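Inspection log for the structure reproduced underneath, given as structure tokens.
The values are calculated or read from the model by the stated rules, or taken from the named source; none is laboratory data. A quick note: this is a predicted structure, and the numbers were derived from the prediction, not measured. Every residue, glycine as well, gets a Cβ built from its backbone with ideal geometry; the counts of neighbours run over all protein chains shown. SASA here: full protein model, heavy atoms, side chains in, ligands and nucleic acids out. Shrake-Rupley method; radii C 1.70, N 1.55, O 1.52, S 1.80 Å.
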There are 2 protein chains.
Amino acid sequence: MVYTEKKIENELRKRGYKITPQRRTIVNTVMRSREHLTPAEIYERIRQEHPGIGLVTIYRTLEILAGLGLICEMHAGGNCRSYLMRRPSEHHHHLICSDCGTVIDFTDCDLGELERRLSKKTSFKINGHLLEFVGQCRKCREKTMAG
Amino acid sequence: MVYTEKKIENELRKRGYKITPQRRTIVNTVMRSREHLTPAEIYERIRQEHPGIGLVTIYRTLEILAGLGLICEMHAGGNCRSYLMRRPSEHHHHLICSDCGTVIDFTDCDLGELERRLSKKTSFKINGHLLEFVGQCRKCREKTMAG
DNA sequence: CTACTAAATGAAAATCGTTTTCAGTTAGCA
DNA sequence: TGCTAACTGAAAACGATTTTCATTTAGTAG
């Protein structure tokens, strides 16, 4: 389950932020996506319908949403950050083939116990996690064997 | 246990990389530290003894070492990456504070069962994994409460 | 020890993602 | 309808990282 647009708008209004068409579009875009999106990717997607929008506005809005804990900010390889709607209780992970780049998603990760243990030990309030497995898919393994 | 300088030099030589005084110093600096260091921090530490060294060289060397799996690259908040000596056989994971960037390492992850399950279901040969928890450390939580 | 060559170095410039500045626009409220 | 704080977009600034290029050096063969 994901936050509704209404819930997000209320949350923003409550803190004195205004609801602008740009912000609506940004929330909507992040919401539609089941993948993490970088600011640049969000910009590209929005630009098609909303040519006038500025990349700056996207940065600013994402910063606010992440600050309120409504979306989840993530830092992966390269110099890029990306954002995903926060799905309370559900999260999603990847299994990546290091040869061909195929990505398989999975959602069951059983990290609750570890999360509790870490949280207790470190006094962190844990908000999320990133889990990725890297390996070789069947096809690529067969190629390697053959070659 | 951490890799020895000798082991690292051999690993480099084996791939045709040369052992230069700069590389020695960089390896030595990362090795001495029990903390993650950013390229800029490494630069600062080295500059005191080796004023001539270039930041570029540090970037280049870190890239090679990380590529060979001898050090561990980490992306935390802000636009910064940092590096830590790798401890073979342990794999090591991070708990990151999304506010201040503090990183806590841990090594117990209990993902063996999940790995087997995924491997069976997807026919992947799984070689490794990346696990990061993101949250808010005690100090930052207290600040948030107060503010 | 000397000469050679591929690899490495450092300085400067280029690049990329992100942030700041600023003048003009707009949402939300009286 | 009018007001004002908040928002916007363009351009400039910024900081981290990468590329380019001329020079130097490690490792090796003679």
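Test A:MET31 against the criterion of being in a helix (DSSP H, G or I) and either at pLDDT 75 or above or touching a Ser or Thr at 6+ places or on another chain (Cβ under 9 Å) (or both), and give yes or no.
yes
Cβ-Cβ below 6 Å, separation at least six or inter-chain, first residue in the stretch B:17-38 and more than 14 Å from DNA strand C (Cβ to nearest atom), second open to solvent by 20 Å² or more (accessible area, probe 1.4 Å): which pairs?
B:HIS36/B:VAL103; B:THR38/B:CYS80
Out of the residues in the stretch B:119-136 that are surrounded by fewer than 20 Cβ atoms within 10 Å (Cβ to Cβ) and among the small types (Gly, Ala, Ser), state the one that is farthest from the chain's Cα centre (by Cα).
B:SER123
Mind checking whether some residue in the stretch A:54-63 is of a type in the set (Val, Ile, Thr), more than 8 Å from DNA strand D (Cβ to nearest atom) and open to solvent by less than 40 Å² (accessible area, probe 1.4 Å)?
No, that holds for no residue.
Can you work out which of the residues in the stretch A:6-15 that are within 9 Å of DNA strand C (Cβ to nearest atom) and open to solvent by less than 80 Å² (accessible area, probe 1.4 Å) is farthest from A:ILE64 (Cα to Cα)?
Out of the qualifying residues, it is A:GLU9.
Restricting to the stretch B:50-67, and then to whatever is in contact with a Phe, Trp or Tyr (Cβ under 9 Å, 6 or more places away or on another chain) and more than 11 Å from DNA strand C (Cβ to nearest atom), can you tell me which residue is farthest from B:THR102 (Cα to Cα)?
Filtering the stretch B:50-67 for residues that are in contact with a Phe, Trp or Tyr (Cβ under 9 Å, 6 or more places away or on another chain) and more than 11 Å from DNA strand C (Cβ to nearest atom), the one farthest from B:THR102 (Cα to Cα) comes out as B:LEU65.
Within the set of pairs 6+ apart or on separate chains, which have a first residue in the stretch B:102-120 that is within 8 Å of chain A (Cβ to nearest Cβ), a second that is assigned to a helix (DSSP H, G or I) and surrounded by 13 or more Cβ atoms within 10 Å (Cβ to Cβ), and C-beta atoms under 7 Å apart?
Here the result reads B:ILE104/A:THR122; B:PHE106/A:LEU118; B:CYS109/A:LEU114; B:ASP110/A:LEU114, each pair linking the stretch B:102-120 to a residue that is assigned to a helix (DSSP H, G or I) and surrounded by 13 or more Cβ atoms within 10 Å (Cβ to Cβ).
Looking only at residues in the stretch B:39-49 that are within 13 Å of DNA strand C (Cβ to nearest atom), surrounded by 15 or more Cβ atoms within 10 Å (Cβ to Cβ) and more than 14 Å from chain A (Cβ to nearest Cβ), which one is farthest from B:TYR83 (Cα to Cα)?
The selected residue is B:ILE46.
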